[in-house]
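For reference, the structure discussed in these notes is given below.
Just so you know, all these numbers are worked out from the coordinates, no wet-lab data involved. This structure is a prediction, so every number in the text was calculated from the model and none was measured. Backbone-built Cβ (ideal geometry, glycine too); neighbour counts: all protein chains shown.
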């Protein structure tokens, strides 16, 4: 019997029952399950009895038996009271609440926008269901056995098919090409970006079709797939299957008719492949000529690997696969002793952020994402710091509240909770405002960052979760100091006024210093970036691009029309002179290299020009002479080079010497007849490289440069356009201005300059707001002191000095911290440019002066406020 | 009929309470149902049913005295109220009325 007595029901289940059960039912329920347990121990044995006991307890866990939360519950009342107090505080201290909300709103807005940007950058091509299996074939070109000189995503046309045939791991492969062509619909003619892809592309990638069958839309040579937006733009409808329009695929071919066979969903903005007009690959203008040709690298090749394949083993097999296709390169390899290039696979997810591999779509440098991310965090931290500063500033008025709460029996935990909930409420309100602000600012931000994000598409689970997390984190950071310090105050000290809180203590001052250091970094960084961009755009490039029109020479192959156009140009009094060139600056170039007799390899850019080119651009000749069209030898065996070319050739090489080993564009060991000044024919981010100019007729010219009388450029263009369409109504007319072309090279730098400028303004606004609040609070705490000072004869200026004395030292400290940081970072950035400005102390001090001026204004406003205040009232204040 | 609605299980419990007279508490009701109907019922279901019946006024309850059993916890005893008895009578007479109308010929098949 004794042993039976000791068998007790499981304690945990018992406590659980007592925990949840309504007290008025507890006794009977407990009694019944206990009784059942005792009976079962006898009949079924202890284990079953225990298990059934647990089961019974669990079965009793139903709504009617569960304890009701009491109406009056101290912790619940506390929470309610906390919220009421928080709202009261927000309402009573309007200025502080305004500043806090505004700074947190601005901070959260900035971080949200930047998060969207970064998120899109890093989730590029994430939407393809087989993204793990899709790779871009990349070619690493070696300059010696172990050094890669550059990587390229461009391959010969037959490669995609050959690889798929020869390597069983490849399930599918596709070529992707893109170029700008004119399309014609009715009497409308416009230039559009056209994509070419194999039929397999649509089933490899996830580009769903709204209308049409993936497998067949591209199988007919005359078919075209349009994106929904393009269909709407061109036809005002998506119900256009069977409709047709014309595309002029190439300069010297006629318009060809294409029939719409499919409508694709708009390609998401985070896709590397961005097609709007998609043609079968065999429609590419070079297809017929080069489809079996291995020496033209023009389009990208993507492969879909079998999911079961060993990618590493496959890649090593792929590396030298080209030896089966390019016997000439194999010979090269045998003479050189190393492989001229190797293939490798690049996962689809890495394509967008790789700036090393040359490819079709513009890749982006992840560094900028990191920089932006840091800036976003800085802005958010400055916003949170404002909250901290102001909470601390107001703490003296709240110390009594805290002390009373403590006396009444609030635990420290509850006070911590109170302050944190205040911060959280505020950050929630800010987040709501921030969402509105994000909605308003998104179009501007898209423009700034060159993205096409849509607000509706951004509202998704992940982003909502991220924003909630962000709001929470912002609230926690903002509330951390008041929550911990204020809750730790000793009530007795507060009542005895032992503690002097408020105004500015060391912590607040360090926060202000930190805010201003960050603001200074951003402001000075912006100034330096602008200085550099300005320099890039306005540097004397060594030629005169003013009033120069660059005309696309699409009349090539039609000699007589060209001659007519030229004679019309000659007749136009506004045209000073014109010249032809193989390709104008920033619009393509021809790079090659030759080997000198000493075996040195000299790379160069070749420009074929007409005789007027150098005078038109006013490129000065340093040595020797210009081309003379009348001298037969000039048109056959003469070149003009730039200074960089001469430096490469070495000091022994003189004007008049033939360039041994040089063979290109019909020139063989041509003689250098003149040296021109080093003019900047490419972006200033790269060092000047050797240039060779020739007037030998070899093949056509891509551009016609027209120098007009000053200010007459647009008149000339309109006259020219009229002439053009008279002469060649079928051929599209397009032109640009040389100055714009040069500046467009710095579009990226300019964009970043503007983004950082906005970020800096954002940060400064928040920091100044915070300072404003802090100063106002500390002045409010010293009203009586100022009153006494005024009675003793102090004027506004004195008060201003007293106020500024408090902050001057810290601003100087901020400056001392910020300067080396900004100088270091900006030097790194500037070093990316071959030609860059030096960091100008004058500009920096200008920036600092403006910033400090702003601070002084804030302080002065407060000083004036304090001075204007009635002295009597100030003195009466207790 | 409002208020005298009885579920099948409720009716069973109510009958059992009536049958046990002064000895009807949770476990006893459960055992009785088990014995009479061979139905396995969980004790929590009995409690819920008893509580519902009490709310409807069909039974009333009192706490018993403490004993050494059940770890010293008291029992809640339920007794049938006259209203409860009437509900049972109504149910019974309704049933009989309908039962008597079944003609012998209707046993099809």
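From the square roots a ≥ b ≥ c of the eigenvalues of the alpha-carbon gyration tensor of the protein assembly as shown, which class results: rounded (a/c under 1.5), prolate (a/b over b/c), or oblate? Here the protein assembly as shown falls in the oblate category.
Just subtract the alpha-carbon distance of residue A:59 and residue A:188 from 0.36 nm times their residue separation and send over the number in nm, one decimal. Show your work: numbers first, answer last.
Working: separation 129, 0.36 × 129 = 46.44 nm, distance 7.70 nm.
In short, 38.7 nm is gained.
I need the calculated FRET efficiency for the pair residue A:507 and residue A:232, taking r as the beta carbon distance and R₀ as 56 Å, to the nearest 0.05. Walk me through the numbers on the way to the answer.
Working: r = 58 Å, r/R0 = 1.04.
That gives a FRET efficiency of 0.45.
Going 7 Å from the Cα of residue A:44 along its beta-carbon direction, which residues of segment B:22-45 have the amide nitrogen within less than 20 Å of the resulting point? What the label zone holds, given the 20 Å backbone N cut-off, is B:26-45.
Expressed in nm to one decimal, what extension gain is obtained for the pair residue A:563 and residue A:350 from 0.36 nm per residue of sequence separation less their Cα-Cα distance?
On the way: separation 213, 0.36 × 213 = 76.68 nm, distance 4.97 nm.
The span from residue A:563 to residue A:350 would gain 71.7 nm if fully extended.
Highest mean packing comes first when the peptides A:162-173, A:439-450 are listed by Cβ atoms within 10 Å, giving A:162-173, A:439-450. The rule of thumb for compact globular proteins, 2.2 N^0.38 Å, goes into the C-alpha radius of gyration of segment A:134-351 1.11 times. Once the C-beta distance of residue A:869 and residue A:845 is scaled by a Förster radius of 41 Å, the resulting FRET efficiency is 0.70 to the nearest 0.05.
Note on residue B:22 and residue A:654: their simple-model spin labels are 14.1 nm apart, each label 7 Å out from Cα toward Cβ. Taking Cα atoms, how many degrees apart are the long axis of helix B:8-20 and the longest axis of chain B, rounded to 10 and kept between 0 and 90? For helix B:8-20, the angle is close to 60 degrees. Among the DSSP beta bridges whose two residues both lie in chain A, what percent are antiparallel, rounded to the nearest 5? Here the antiparallel bridges make up roughly 80 percent for chain A. Each residue, residue B:60 and residue A:571, gets one label point 7 Å from its Cα in the Cβ direction; the gap between the two is 12.3 nm.
Annotation: extensible slack from residue A:241 through residue A:628 equals 133.5 nm (criterion: 0.36 nm per residue apart, minus Cα-Cα distance).
The residue A:24 and residue A:132 beta-carbon pair, evaluated with R₀ = 60 Å, returns a calculated FRET efficiency of approximately 0.50. Here segment A:251-289 is scanned for amide nitrogen atoms under 18 Å from the site 7 Å beyond the Cα of residue A:459 along Cα-to-Cβ, giving none. Angle between the Cα long axis of helix A:11-20 and the longest principal axis of chain A, 0 to 90 degrees, nearest 10? Helix A:11-20 sits roughly 90 degrees off the main axis of chain A. Spread over its residues, the convex hull of the C-alpha atoms of segment A:548-739 is 121 Å³ per residue. The C-alpha atoms of chain A define a longest principal axis, and helix A:94-122 lies at about 40 degrees to it.
Please report the relative contact order for segment A:548-739, taking Cα pairs under 8 Å with a sequence separation of at least 6, and give it as a percent rounded to a whole number. List each step's numbers first, then the result.
Values: 360 pairs, mean separation 71.4, N = 192.
It comes to 37 percent, rounded to a whole number.
Normalising the average separation of contacting C-alpha pairs (under 8 angstrom, six or more residues apart) by the number of residues puts the relative contact order of chain A at 14 percent. In percent, rounded to a whole number, the relative contact order of segment A:589-666 is 33, using alpha-carbon pairs under 8 Å and six or more apart.
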